[in-house]
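Everything on this sheet refers to the single structure shown next.
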Amino acid sequence: MDQSSFLQTATDVTGHLSGLLWNNPLTLFVLLGTGVFLTLRLRLIQLRAFFPAMGHLATNRKAGDGEISHAQALSTALSATIGTGNIAGVATAISFGGPGALFWMWVTAFLGMATKFTEATLAVNYREMDENGHYFGGPMYTLRKGMNSPMLGGAFAFFAFVASFGIGNMVQANSVVDGLTYLSRGLEHYRWLMGLILAMLTGMVILGGIRRIAAVTSALVPLMAILYFFAALTCLVLQYQAVPSALHSIFEQALNPWAAGGGAIGQAIRWGVARGLFSNEAGLGSSPIAHATARTPYPAREGLIAMLEPFFDTLVICSLTGLVIITSGVMSSGEYTGAALTAHAFSASLGSAGGWVVGVSLSLFAFSTIIAWSYYGETSARYLFGSRSSLPYRLLFCIAVALGATIPLKLVWNVADIFNLFMAFPNIVGLWFLSRLAIKQESDGLI
């Protein structure tokens with residue numbers, strides 16, 4: 001079997017498995033049901049505590065034990081979530097699930113705010129400090145200590161370790177190249193070179209550990225978010241007449257079976273939930289690994305900071321991307337998908353500048369995601385193999401970045417979808433059984 005046949009077979013097999021997992025009603029029930037369960041148990045904390053959470057972020061208090069500030073923890077976590085899911089992921093969801101998929105991304109984000117609060121609060125509560133005074137935490141520690149289940153903790157760490165090479169690595173590298181080749185077709189022949197450059201930049205950051213990662217992301221995240229926000233807003237202002245009909249189509253195709261058809265609504269839910277989870281990572285258990293290192297006097301206060309992630313990531317950035325695509329009218333051509341579709345939509349309003357905005361944003365988004373996920377994977381490797389695994393992991397991670405730039409997009413997305421769920425399931429078990437602790441500590445977080 002030659003290389004192309006092997007890759008096609010791998011794409012078909014992983015696509016079939018991904019479809020079985022994501023098209024299963026039980027999967028959607030578990031993912032959305034956990035968000036509903038935590039939202040009810042926490043008495044709509046997304047609404048009650050939204051402004052107190054913003055207040056804590058604005059004051060950025062640094063009291064308490066830990067290594068990085070609230071703002072740095074949020075920036076690191078956001079750098080992992082604001083990535084290709086906001087550009088390529090939204091485009092993929094709308095391409096295959098229709099405009100209604102964006103509505104289900106909103107639902108996933110709203111419910112995910114309660115999930116984020118719970119998993120980050122638990123991560124800080126159960127974190128550990130090593131012999132060098134560095135803090136480590138995340139669902140693997142929560143499951144081992146809170147539920148007395150080393151098996152579940154080890155399972156999560158293994159899935160996160162593997163997922164770090166997909167969702168946080170090869171997907172990002174692949175989508176960067178996909179967006180850049182849209183801007184210049186000639187770059188298609190230099191995918192390996194772009195991957196090598198990206199790998200070298202990644203190594204320069206991650207060798208410095210969480211403090212250097214936090215320093216880079218706290219400077220990079222605001223810059224890239226502001227750039228993308230104003231570019232998308234400009235597109236919508238220029239296409240303002242199409243915005244009302246775009247909003248109508250989103251709700252119509254998400255909720256009205258007579259307008260969209262039952263099958264279409266099913267696809268909207270499937271792709272909206274899948275891409276929503278991929279983008280904001282609520283329930284995956286990844287971002288609590290960053291929040292566990294934050295300086296905070298109360299675990300629940302860091303939970304409030306984590307709660308803001310789905311708001312910024314999905315309800316703001318993903319919404320802008322989706323509205324630009326729908327109002328641009330480029331969906332009907334069917335010529336583009338993924339990051340190229342988003343770039344084409346921006347170009348429809350801003351001309352060649354729109355494509356460059358998406359290309360630059362995609363590069364920044366993906367780079368920030370790569371360096372944040374390197375820490376998630378490294379923490380998982382330390383949990384599984386000990387502290388000596390850190391350096392080998394970082395080197396292997398950089399190699400995977402270079403390789404990811406040359407792997408077919410569909411195969412990478414399939415693998416990312418599969419390991420998203422594999423990570424989520426042990427984490428969700430912990431959320432259901434330990435949520436009472438987060439509820440008990442909630443009042444401290446509001447101080």
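The values are calculated or read from the model by the stated rules, or taken from the named source; none is laboratory data. Keep in mind that what you see is a predicted model, and the values were worked out from it rather than measured. As a convention, Cβ positions derive from the backbone with ideal geometry for all residues, glycine included, and neighbour counts pool all protein chains shown.
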Matching residues, the stretch 272-330, being modelled with pLDDT of 90 or more and on the phi > 0 side of the Ramachandran plot: 285
Candidates 227, 223, 207 - the one that is modelled with pLDDT of 80 or more, on the phi < 0 side of the Ramachandran plot and in contact with a Lys or Arg (Cβ under 7 Å, 6 or more places away or on another chain): 207
Filtered residue count, the stretch 408-427, keeping only those that are under 19 Å from residue 280 (Cβ atoms) and of a type in the set (Val, Ile, Thr): 1
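Conditions tested, residue by residue: (1) surrounded by 24 or more Cβ atoms within 10 Å (Cβ to Cβ); (2) closer than 14 Å to residue 273 by Cα; (3) touching a residue at least 12 places away in the same chain (Cβ under 8 Å); (4) among the hydroxyl-bearing types (Ser, Thr, Tyr).
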| site | (1), (2), (3), (4) |
| --- | --- |
| 69 | no, no, yes, yes |
| 73 | yes, no, yes, no |
| 78 | yes, no, yes, no |
| 81 | yes, no, yes, yes |
| 89 | yes, yes, yes, no |
| 97 | yes, yes, yes, no |
| 101 | yes, yes, yes, no |
| 105 | yes, yes, yes, no |
Residue check, residue 348 more than 28 Å from residue 155 (Cα to Cα) and surrounded by fewer than 24 Cβ atoms within 10 Å (Cβ to Cβ): yes
Tally, over the stretch 157-214, of residues that are of a type in the set (Ser, Thr, Tyr) and more than 21 Å from the chain's Cα centre (by Cα): 4
Some residue of the stretch 387-406 being of a type in the set (Ser, Thr, Tyr), out of contact with any helix residue (DSSP H, G or I) (no Cβ under 8 Å at 6 or more places or on another chain) and in contact (Cβ under 8 Å) with a residue 40 or more places away in the chain: yes
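So is residue 140 crowded, with 24+ Cβ neighbours inside 10 Å and modelled with pLDDT of 90 or more or not?
yes
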Filtered residues of the stretch 147-193 (kept if among the aliphatic types (A, V, I, L, M), buried (at least 18 other Cβ atoms within 10 Å of the Cβ) and modelled with pLDDT of 90 or more): 152, 155, 157, 160
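Give, as residue ranges, the helices (runs of 4 or more DSSP H) completely inside the stretch 1-96 that count at least 1 residues that are touching a Pro at 6+ places or on another chain (Cβ under 7 Å) and either modelled with pLDDT under 80 or acidic (Asp, Glu) (or both).
So the answer is 3-22.
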Hits in the stretch 318-330 (condition: farther than 13 Å from residue 88 by Cβ and in a helix (DSSP H, G or I)): 319, 320, 323, 324, 326, 327, 328, 330
The stretch 401-447 - residue that is farther than 17 Å from residue 338 by Cβ and modelled with pLDDT under 75 and, of those, surrounded by the most Cβ atoms within 10 Å (Cβ to Cβ): 445
Filtered residues of the stretch 96-110 (kept if more than 22 Å from residue 39 (Cα to Cα) and of a type in the set (Phe, Trp, Tyr)): 96
Entirely in the stretch 224-297, the helices (runs of 4 or more DSSP H) that have 2 or more residues that are touching a Phe, Trp or Tyr at 6+ places or on another chain (Cβ under 8 Å): 243-255, 262-280, 288-291
Criterion (within 12 Å of residue 431 (Cα to Cα), of a type in the set (Ser, Thr, Tyr) and in a helix (DSSP H, G or I)) met by exactly one of 108, 142: 142
Residue in the stretch 213-220 that is over 20 Å from residue 392 (Cα atoms), at pLDDT 90 or above and surrounded by 16 or more Cβ atoms within 10 Å (Cβ to Cβ) present: no
Unmet requirement for residue 208, which otherwise passes all of (1) farther than 29 Å from residue 341 by Cα; (2) in contact (Cβ under 8 Å) with a residue 40 or more places away in the chain; (3) surrounded by fewer than 24 Cβ atoms within 10 Å (Cβ to Cβ): (2)
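Right, residue 341: of a type outside the set (S, T, N, Q), part of a helix (DSSP H, G or I) and over 19 Å from the mean Cα position of the chain (by Cα) or not?
Working: of a type outside the set (S, T, N, Q): yes; part of a helix (DSSP H, G or I): yes; over 19 Å from the mean Cα position of the chain (by Cα): yes.
Yes.
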